[in-house]
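The values are calculated or read from the model by the stated rules, or taken from the named source; none is laboratory data. What you see is a predicted model, and the numbers here were worked out from it, not measured in a lab. We place every Cβ from the backbone using ideal geometry, glycine too, and count neighbours over all the protein chains shown. When the accessible area is computed, the model is the full protein with side chains, heavy atoms only, and any ligands, DNA or RNA have been set aside. Shrake-Rupley method; radii C 1.70, N 1.55, O 1.52, S 1.80 Å.
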Amino acid sequence: MFNQVFVKIKLEEFLGMAIYEEGLSANSANYAPLTPVDFLERAAGTWPDKIAIIHGETRRTYQEFLERSKRMASAINKRKIGKGDVVSIIAPNTPAMLEAHYGVIMSGAVLNALNYRLDAPTIAFILEHGASKLVMVDKEFSSVMEEAFSLMKKVPEVIGINDELAVEGELLGEIDYETFLMEGDANYQWPRVKDEWDSMALNYTSGTTGNPKGVVFHHRGAFLNAMGNAVAFGLDSSTSYLWTLPMFHCNGWTFTWGVTAVGGCHVCLRSVDPELIFKLIEDHKVSHMCGAPIVLNMLVHAPENVKKRFNHLVQIATGGAAPPSAVIAAMEKLGFKVLHLYGLTETYGPSGICAWPPEWDALDLEVKATRMARQGVGYPTLEGFRVVNPDTLEDVPSDAATIGEIWIRGNTVMKGYLKNPEASAEVFEHGWFHSGDLAVMHPDGYAEVKDRSKDIIISGGENISSLEIEEALYKHPIIMEAAVVARPDEKWGETPCAFVTIAPGQTDLNENEVVQWCRDNLASFKIPKTIVFCELPKTSTGKIQKFLLRDEAKNL
């Protein structure tokens, strides 16, 4: 009897594919390629009269948002621009930028949201490398764009955006943005996505050396990461989301689509101004916002007469470099709830989250902040998130001490680097995306980044985490920002060099006091041998440019 049952089970396993697939196939009733622009059609169908966008005095409903996006898609297609073509936009966090995240993609074209903090030669390189066919230009950035165009062999068609809150600037292009939209059809039946692997966005890394690399996104990844954001950050139809994060940065970490997916309200913000941020939070009952640690720092160190306390919960997600625990603690004291996310441009923004276990609630604020600074676990829409020894290809032990590299795998990893197969192959070696971030794994399964591979300091044979020293420096009551890099040393090979920015209104701090502070908080071999007081150079997304500091340290 046992043998008969065993044989029957094995036979069914062998024939299972035929048994369960017989007569079954994907069709329009049970399969549709995933694309994030579908979120807007659903939102407009569900909440047509709900305010979707707030910008100065402008209020736009979801129905208006959809109609304007369809007009854009129609106007783009009328210019014989479509699938696979690149359409660029340079604009701050405005309605036009939001509309481009739907209209351009609806047209079948690939959206290239330009980083408006880049210089003209870099912008010219991006436009030519991506072969942009059309570029929409907010008039605030007309000067840098004119310079960029002068460096190009062929200039794409230009549409000028005359935003109501724009500072003075020349309106470029043959026609303005509103006229361009009126060329399109508000009821346009846009060409539907047939393959969710199709390219739909092109973002360029803020490379520290050489030209930036073009990171290609597909529809499936953007859809899933937007859904991951909604789950991880608790977005819903009551969400009021303030755009403190640049929409050009990984397409706003895909919150451009995630907020729309739940029918939330987009509160636009042209530039990061702490006074305006506090005001908008109060005026529009902002519930969610995102930003690099520098944004948190600006809010913490805003003048006391600017700061406000709110009678509602304000959640802020941060990422990039690990936010110092002192900054997290200060934000919590202001009444913000901080969520730490981890990710890269190559992973559509967030791919890791410091998910909050209930037992951490009972911890002291300072201890909670150190836990919150961990990069945590993989996103709910990710397949794999590991800390790996790159020599053995094995996971490092969960001892909070052994350093490895974060490897990531899943649908929310980029297609690859545009026109750069060598770099793509290198970063995808062994079937995982190699982040370049060095981390440890804690016994509870939470990863914590210790450094970028290029930022680790090797002094006298000892590995020193620059982030650990920075963490100690940030805890000093009058240090606002800190960055630590390696400085060449004849005896030790390298020693830590700290660059420090003092908080506004503070002047009474010298090198000896900083060294003593580090001596009280760090092992002796980790104490910086050099202290430099200065403003820290930053990338266009607020990350400290350590490569410039390394160059400066070499010459000290």
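Scanning region 148-172 for residues being farther than 18 Å from Ala113 by Cα and either touching a Leu at 6+ places or on another chain (Cβ under 9 Å) or in a helix (DSSP H, G or I) (or both) gives a total of 2. Contact map, region 263-279: residues that are crowded, with 22+ Cβ neighbours inside 10 Å paired with residues that are of a type in the set (Lys, Arg), Cβ distance under 8 Å, separation 6+ or inter-chain. Pairs shown: Cys265/Lys50.
As a summary of the residue check, Thr256 satisfies the conditions (1) closer than 19 Å to Ala52 by Cα; (2) in contact (Cβ under 8 Å) with a residue 60 or more places away in the chain; (3) assigned to a strand (DSSP E or B) except for the one numbered (3).
Filtering region 499-553 to residues that are in contact (Cβ under 8 Å) with a residue 60 or more places away in the chain and part of a loop (DSSP other than H, G, I, E, B) leaves Ala503, Pro504, Thr539, Ser540, Thr541, Gly542, Lys543, Gln545. If only residues of region 166-195 that are in contact with a strand residue (DSSP E or B) (Cβ under 7 Å, 6 or more places away or on another chain) and in contact (Cβ under 8 Å) with a residue 24 or more places away in the chain are counted, the one that is surrounded by the most Cβ atoms within 10 Å (Cβ to Cβ) is Tyr177. Taken together, Leu40, Leu34 contain a single residue that is surrounded by 11 or more Cβ atoms within 10 Å (Cβ to Cβ) and either among the acidic types (Asp, Glu) or in a helix (DSSP H, G or I) (or both), which is Leu40.
Just to be sure, is Leu556 without any contact (Cβ under 8 Å) to a residue 40 or more places away in the chain and either closer than 14 Å to Thr495 by Cα or among the aliphatic types (A, V, I, L, M) (or both)? Criteria not met by Leu556. Counting residues in region 359-377 that are loosely packed, with under 13 Cβ neighbours inside 10 Å and closer than 30 Å to Arg220 by Cα gives zero. Listed by first and then second residue, the pairs with beta-carbon distance under 6 Å, at least 6 apart or on different chains, first residue in region 46-75 and in contact (Cβ under 8 Å) with a residue 40 or more places away in the chain and assigned to a loop (DSSP other than H, G, I, E, B), second open to solvent by 30 Å² or more (accessible area, probe 1.4 Å) and not small (Gly, Ala, Ser), are Gly56/Glu164; Gly56/Leu165.
Just so you know, in region 501-529 the residues that are under 15 Å from Leu467 (Cβ atoms) and at pLDDT 90 or above include one that is surrounded by the fewest Cβ atoms within 10 Å (Cβ to Cβ), and it is Cys518. A count restricted to region 405-452 and to residues that are loosely packed, with under 15 Cβ neighbours inside 10 Å, of a type in the set (A, V, I, L, M) and either more than 21 Å from Gly221 (Cβ to Cβ) or touching a residue at least 60 places away in the same chain (Cβ under 8 Å) (or both) stands at 1. Does region 112-119 include one or more residues that are modelled with pLDDT of 95 or more, in contact with a Ser or Thr (Cβ under 6 Å, 6 or more places away or on another chain), in a loop (DSSP other than H, G, I, E, B) and under 19 Å from Asn251 (Cα atoms)? Checked region 112-119: at least one residue is modelled with pLDDT of 95 or more, in contact with a Ser or Thr (Cβ under 6 Å, 6 or more places away or on another chain), in a loop (DSSP other than H, G, I, E, B) and under 19 Å from Asn251 (Cα atoms). Considering only residues in region 296-340 that are of a type in the set (S, T, N, Q) and either open to solvent by less than 10 Å² (accessible area, probe 1.4 Å) or more than 17 Å from the chain's Cα centre (by Cα) (or both), the one that is modelled with the lowest pLDDT turns out to be Ser325.
Taking the criterion of being open to solvent by less than 70 Å² (accessible area, probe 1.4 Å), modelled with pLDDT of 95 or more and in a strand (DSSP E or B), the residues of region 383-404 that qualify are Gly384, Phe385, Arg386, Val387, Val388.
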